[in-house]
1. I want to verify the translational diffusion coefficient of the range 69-108 in µm²/s; compute it with Stokes-Einstein, Rh as the Kirkwood radius over Cα pairs, at 37 °C and 0.692 mPa s.
2. Please compute the Cα-Cα pair-distance distribution of the chain with 5 Å bins starting at 0, giving whole percents from short to long.
3. What is the list of residues in the range 39-82 whose amide nitrogen lies under 17 Å from a point 7 angstrom out from the Cα of residue 16, following Cα to Cβ?
4. Could you check which residue among 111, 84, 51 shows the biggest mean-square fluctuation in a GNM of the chain with a 10 Å Cα cutoff?
5. If we sort 5-15, 169-179 on the protection proxy, mean other Cβ atoms within 10 Å, highest first, what's the order?
6. Is any residue of the range 80-120 close enough, with backbone N under 19 Å, to a label point placed 7 angstrom from the Cα of residue 147 along the Cα-Cβ axis, and if so, which?
7. In a Gaussian network model over the chain where Cα atoms closer than 10 Å are linked, find which of 159, 194, 105 has the largest mean-square fluctuation.
8. Alpha carbon centre of the range 163-215 versus the range 42-119: separation in Å?
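Bear in mind that the values in this text are calculations on the coordinates, not laboratory data. A quick note: this is a predicted structure, and the numbers were derived from the prediction, not measured. Don't worry about glycine lacking a Cβ; one is built from the backbone with ideal geometry, like all the others, and counts go over all protein chains shown.
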Ligand SMILES: [Zn+2]
Ligand SMILES: [Zn+2]
């Protein structure tokens, strides 16, 4: 069956994201758009994605546990998990690798953890927009140890794309599924980087505002919306990227 996925969405926890992006509002919008599976992927933290998954479970939308990690090389990598316990353990490991720098909300924006009714639970004090003290290979290993999948994000886009910062796909990502930004198109990226020939190129919205959710979607032909099924479809080339018309 066809599974419409947007696997890169920021919530109120990301300082660069709109305060309208509560887990409940994200789920509502994703359901309106007819998405089958999403991932809430804030910078270096999963503090809102557990709430999103709980709301998703109540409303019949599959929500993967996710994070957009920033490695020591200043490369953004989506880290996706199917299992909550593994995701929680991974999240704890990541927090310990985050520099102990206080957020300045006036400069970077608020980092807000909210509940299912959009009430503020707490503000995350530590600045999430920062490089973790971990290299790309070590992060990928940590993701694997927690049964997750690492997908380099917006690989062609400055300033945090893998190809922009490294110029190539390193050996430890030889078999990786890659994400291109919603502004790019696979043909153009493949022309610019012929080394990508073997890599499936998926795309998601990287939404920071509700109106941007689903702006790019990957439609997987998969047996279910579970992460292993989606990745098997990606690796087998059983997917298409779609860019629906802008919506209000
Ligand atoms: Zn990013
Ligand atoms: Zn992002």
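1. The calculation lands on 272 µm²/s.
2. 1, 7, 15, 20, 21, 18, 11, 5, 1, 0
3. Output list for this probe position: 40-46, 67-79.
4. Among 111, 84, 51, the largest GNM mean-square fluctuation belongs to 84.
5. 5-15, 169-179
6. Correct set: 80-94.
7. 194
8. Each part's Cα centre sits 21 Å from the other's.
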